[in-house]
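Contents: one structure, followed by commentary.
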């Protein structure tokens, strides 16, 4: 929706921000892999699979896709890793930059301040049709302060970085000499060469999702109310952690409302500018987050996909990188 669309996300209520939680913040980080040329990454062999599902309209129709092998981060990029990038480059994220009022006419003054959208548990909910009941545009929210200026990431270096946009993620990936995964690459890695029933909507037992009645009651049966440190749950068959749940993950693909509109044989992972196009207004995100619940968002599946405004930073969205190189 971009910044103009954020007018509907300006909320004055809410009793608990995403960052205000009581659970422990430490989980054992994944142990280093021996004899790997790319520490922190695993090799994802290439192959063919049936991409997509029939659970939601935007996830289909399923199509057969061939993917070449690549290296992938074992975990989502963490606060510590992103901080190292910022320290080395002086990079300023989009959520920290001034907003041009001439390009965003009609926004109230607080929304012309740099910031991000933050999840809050609402005091009252009237149906699920209006997401502004639990999302608030928060001036000052950014990767160092994911819940607003009253929050910080001290002692939370192992949590995935959030409140970043596609441009921020690409800048980090370029600094590392890597790329963001295409939608097909991400889904292939998440499936770990195992098929997913196209109609399956079973909530994963070992992942950070929402247990209870979204958005008012989170039983935290998985151990966390909000974002969890990386590596808290078992890895998939390839050794990749948090491929479903925890935080949504950015992909390089521009959003298409149906899967068949995305042609994966013409390298949609290439930045739109490289194809002579204007930057995409939205990109595909994958994997679901700690906010996905059976009564509202059953997108804690490899085949799930959603659009994300390219200039909008949120408190439930991160990323991981890949390296297209033979082992």
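Points to keep in mind about this one:
- Every condition in (1) under 20 Å from residue 175 (Cα atoms); (2) surrounded by fewer than 17 Cβ atoms within 10 Å (Cβ to Cβ) is met by residue 123 except one, and the failing one is (1).
- Residues of segment 155-174 satisfying the condition of being assigned to a loop (DSSP other than H, G, I, E, B) and buried (at least 23 other Cβ atoms within 10 Å of the Cβ): 159, 161, 162, 163, 164, 165
- Which numbered condition residue 66 fails, given (1) exposed (fewer than 15 other Cβ atoms within 10 Å of the Cβ); (2) modelled with pLDDT of 95 or more; (3) outside any loop (DSSP other than H, G, I, E, B): (2)
- Considering (1) in a helix (DSSP H, G or I); (2) in contact with a strand residue (DSSP E or B) (Cβ under 7 Å, 6 or more places away or on another chain); (3) crowded, with 17+ Cβ neighbours inside 10 Å, the lone condition that residue 71 does not fulfil carries the number (1).
- Residue ID - surrounded by the fewest Cβ atoms within 10 Å (Cβ to Cβ), chosen from residues in segment 313-326 that are under 15 Å from residue 67 (Cβ atoms) and touching a strand residue (DSSP E or B) at 6+ places or on another chain (Cβ under 6 Å): 324
- Selection from segment 175-184 of residues that are out of contact with any strand residue (DSSP E or B) (no Cβ under 6 Å at 6 or more places or on another chain) and part of a helix (DSSP H, G or I): 175
- Per-region count, segment 259-298, residues assigned to a loop (DSSP other than H, G, I, E, B), surrounded by 20 or more Cβ atoms within 10 Å (Cβ to Cβ), at pLDDT 90 or above and touching a helix residue (DSSP H, G or I) at 6+ places or on another chain (Cβ under 9 Å): 1
- Contact annotation: residue pairs with Cβ atoms under 6 Å, 6 or more positions apart or on different chains, pairing a residue in segment 203-217 that is on the phi > 0 side of the Ramachandran plot with a partner that is surrounded by 15 or more Cβ atoms within 10 Å (Cβ to Cβ) and in a loop (DSSP other than H, G, I, E, B), are 212/218.
- Any hit, segment 132-141, residues being part of a helix (DSSP H, G or I), modelled with pLDDT under 95 and either in contact with a helix residue (DSSP H, G or I) (Cβ under 9 Å, 6 or more places away or on another chain) or farther than 21 Å from residue 282 by Cβ (or both): yes
The values are calculated or read from the model by the stated rules, or taken from the named source; none is laboratory data. Not measured: the values here are computed from a predicted model. Virtual Cβ from ideal backbone geometry, glycine too; neighbours counted across all protein chains shown.
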